[in-house]
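Enquirer: Sending over a structure as structure tokens; questions will come in a sec.
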Amino acid sequence: MWILLAVVSSVLLGLYDISKKESLVGNNVLTVLFLNTLFCALLMCPTAIVDLVRGNTIFDGTLHAHLLILLKSFIVLSSWILGYFSIKHLPLTIAGPINATRPVMVLIGALLIFGERLNLMQWGGVILGLTSLYLVSRLGKKEGISARHNRWLWLAIMSMLMGAISGLYDKYLLRLYQPLQVQAWYTAYQCIIMGVTVLIIKRLTPGHDATPFRFRWTIPLISIFLTCADVAYFYSLSCDDAMISVISMIRRGSVLVSFLYGVAVLREKNIRLKLIDLSVLILGLVLLILGSQ
């Protein structure tokens with residue numbers, strides 16, 4: 001069951017990336033991001049209300065739970081801010097594979113912190129997947145995206161690292177609290193933090209981003225796809241036999257969805273070479289899933 005939930009989350013994440021790309025091109029990044037946190041908080045609001053009515057069960061009477069959830073909110077929001085600016089300026093077929101390298105760091109963390117072990121078929125899937133993602137990322141050089149000179153590339157890498165930290169932290173949180181509780185409260189805190197951040201930035205640096213905001217219907221879709229993907233992800237991670245390294249790799253299969261969109265709609269370049277490398281990724285994911293049965 002946890003593998004199926006991880007696959008569902010992966011598809012939804014691909015649609016989430018597409019919605020982000022369409023919402024951010026030629027638009028004000030911070031405003032789009034704030035609306036995303038607001039819509040996510042509203043979608044999860046019923047869960048938080050039920051939690052309060054039933055006795056505020058996520059909180060243990062101290063500041064401990066508040067601080068744990070606040071830390072989760074800061075980690076995710078840091079990854080989002082970096083990722084939103086990078087995906088606005090990078091091709092989707094480049095930004096997606098960079099984010100898809102997140103399992104490298106999650107795997108290292110899972111092995112060192114949680115003591116997870118993979119069987120031979122799972123290791124084969126991981127190696128093929130990481131090799132494919134590495135090759136796809138290197139194709140950026142053919143499109144003039146240099147790691148030495150392109151700041152958006154570095155923002156994408158830092159966003160990926162923060163996302164990996166968030167994934168490892170989720171495994172710890174879900175040992176203490178229910179999945180929907182964690183999601184409901186961290187989205188609420190995240191919305192508050194982002195709202196305060198936008199107000200401070202606009203007050204202190206009014207000319208920080210002169211790009212005007214334009215509402216697009218893809219903006220609320222960002223929150224809908226992300227919320228549904230997170231629900232599937234948290235329930236997958238909460239299963240007793242779930243392995244965070246495997247779940248993280250399956251979720252990175254979302255790059256296939258955004259890749260197909262980049263090919264069919266955005267008409268991005270070097271598709272043939274990227275398609276070969278993504279075929280290796282598909283084989284790796286198949287081995288990974290079969291090895292987890």
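Enquirer: For the range 229-252, does any single residue satisfy the condition of being touching a residue at least 12 places away in the same chain (Cβ under 8 Å) and over 30 Å from Asn36 (Cβ atoms)?
Expert: Initially, the range 229-252 is screened for residues touching a residue at least 12 places away in the same chain (Cβ under 8 Å), giving 229-239, 241-252.
If we keep only those that are over 30 Å from Asn36 (Cβ atoms) as well, we get 241.
Yes - at least one qualifying residue is present in the range 229-252.
Enquirer: Checking Ser254 against (1) surrounded by fewer than 20 Cβ atoms within 10 Å (Cβ to Cβ); (2) modelled with pLDDT of 80 or more; (3) under 30 Å from Asn28 (Cβ atoms), which single condition isn't satisfied?
Expert: Going through the list (1) surrounded by fewer than 20 Cβ atoms within 10 Å (Cβ to Cβ); (2) modelled with pLDDT of 80 or more; (3) under 30 Å from Asn28 (Cβ atoms), Ser254 breaks only (1).
Enquirer: Follow-up. Looking only at the range 20-38, how many residues end up being open to solvent by less than 10 Å² (accessible area, probe 1.4 Å) and either touching a strand residue (DSSP E or B) at 6+ places or on another chain (Cβ under 6 Å) or in a helix (DSSP H, G or I) (or both)?
Expert: 7
Enquirer: Right, another one. Let me confirm something: among Leu266, Leu278, which residue is surrounded by fewer than 17 Cβ atoms within 10 Å (Cβ to Cβ) and at pLDDT below 80? Give the steps one after another, and end with the answer.
Expert: Working: Leu278 fails: surrounded by fewer than 17 Cβ atoms within 10 Å (Cβ to Cβ).
Exactly one of Leu266, Leu278 is surrounded by fewer than 17 Cβ atoms within 10 Å (Cβ to Cβ) and at pLDDT below 80, namely Leu266.
Enquirer: If I filter the range 211-218 for residues that are among the charged types (D, E, K, R) and either part of a helix (DSSP H, G or I) or open to solvent by less than 10 Å² (accessible area, probe 1.4 Å) (or both), do I get at least one hit?
Expert: Let us first name the residues in the range 211-218 that are among the charged types (D, E, K, R), namely 214, 216.
Pick out the ones that are also either part of a helix (DSSP H, G or I) or open to solvent by less than 10 Å² (accessible area, probe 1.4 Å) (or both) and you get none.
Looking for residues that are among the charged types (D, E, K, R) and either part of a helix (DSSP H, G or I) or open to solvent by less than 10 Å² (accessible area, probe 1.4 Å) (or both), one finds none in the range 211-218, hence no.
Enquirer: Okay, moving on. Starting from residues that are within 11 Å of the chain's Cα centre (by Cα) and open to solvent by less than 20 Å² (accessible area, probe 1.4 Å), keep the ones in the range 6-16 and report whichever is farthest from Leu92 (Cα to Cα).
Expert: Initially, the range 6-16 is screened for residues within 11 Å of the chain's Cα centre (by Cα), giving 9-10, 12-14, 16.
Checking the rest, the ones that are also open to solvent by less than 20 Å² (accessible area, probe 1.4 Å) come to 9-10, 13-14, 16.
On the way: Ser9: 19, Ser10: 16, Leu13: 13, Gly14: 11, Tyr16: 12 Å.
If we take residues in the range 6-16 being within 11 Å of the chain's Cα centre (by Cα) and open to solvent by less than 20 Å² (accessible area, probe 1.4 Å), then Ser9 is farthest from Leu92 (Cα to Cα).
Enquirer: Among the listed residues Leu168, Leu161, Leu173, which satisfies the condition of being modelled with pLDDT of 80 or more, under 20 Å from Tyr233 (Cβ atoms) and open to solvent by less than 20 Å² (accessible area, probe 1.4 Å)?
Expert: Leu173
Enquirer: Please enumerate the residues belonging to the range 32-72 that are polar (S, T, N, Q) and modelled with pLDDT of 90 or more.
Expert: Asn36, Thr37
The values are calculated or read from the model by the stated rules, or taken from the named source; none is laboratory data. Model, not experiment: these values are computed from the prediction. Note: ideal-geometry Cβ built from the backbone for every residue, glycine included; neighbour counts use all protein chains shown. Surface accessibility is based on the protein's heavy atoms, side chains included, excluding ligands, DNA and RNA. Shrake-Rupley method; radii C 1.70, N 1.55, O 1.52, S 1.80 Å.
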